[in-house]
Amino acid sequence: MKVRVSMPGMATMAEIEDSKAGKVYKELALQLLGFGVTFRKTEEQLSEPGREVPMEVPSGEATEPEPELLDPEALDLETEYPEIKEEPRGYSGFLYVKCSHCGKVKAFCTKINIKYYLCRECGRKTDLEDLVPLYINCECGRRAKYMTNMTDEEFDVNCPECGAPVVVTWNKKKKLYEPIRN
């Protein structure tokens, strides 16, 4: 029977007779729980070629080395830790994008994060930054959520199910587009 002990970056394995595996497991468990059990190499284990044998572990609790104390005045935080600027990751999912060059509006879904939209009408890029949520609730029962770069107060969005126009308006408090309530 194989007994394996591992941790990130390290592993060891030993081939042990089935009759002794339970005892080895109990000893390992007791050692891990801090009961001071030690492992000893036996003549029998050493004489078998090609077999890995657990190393002897000293009994008692292990002590960790004391951490080095750093002088806060000796550190120059400006040079040692430069400001980390996180790049925007982009957007994925259902997007409702207006081309910033020709004004053409396109609704689509993307599975990968994109940072810009390439317009098929004019061939130019529109950067996707600070998109806001856009919710629609159609009379057919279909609900949808998009992220959009639109800035108009009100506009129509065609339902993805039936194609009927749904009027949405900007909600200043919630900072999103929502359907106009009847």
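Read-outs throughout are calculated quantities, based only on the coordinates presented, and are distinct from any laboratory measurement. It should be emphasised that the depicted structure is a prediction, and the values quoted were computed from it without experimental measurement. Neighbour counts run over all protein chains shown; Cβ positions are idealised from the backbone, glycine included.
Worth a mention:
- Lysines whose Cα lies under 21 Å from that of LYS26, excluding same-chain neighbours fewer than 8 positions away: LYS2, LYS41
- Under the simplified labelling scheme, the ALA14-ASP156 pair shows an inter-label distance of 7.8 nm, with each label point 7 Å from Cα along Cα→Cβ.
- Nearest-0.05 FRET efficiency for ALA29 and MET1, computed from C-beta distance (R0 22 Å): 0.90
- Across region 94-102, rounded Karplus estimates of 3J(HN,Hα) from the backbone phi angles (6.51 cos²θ - 1.76 cosθ + 1.60, θ = phi - 60°) give 7, 10, 10, 10, 9, 5, 6, 9, 9 Hz, Gly and Pro being marked x.
- If the chain linking LYS173 and GLU129 were pulled fully straight, counting 0.36 nm for each residue of separation and taking away their Cα-Cα distance, it would gain 13.8 nm.
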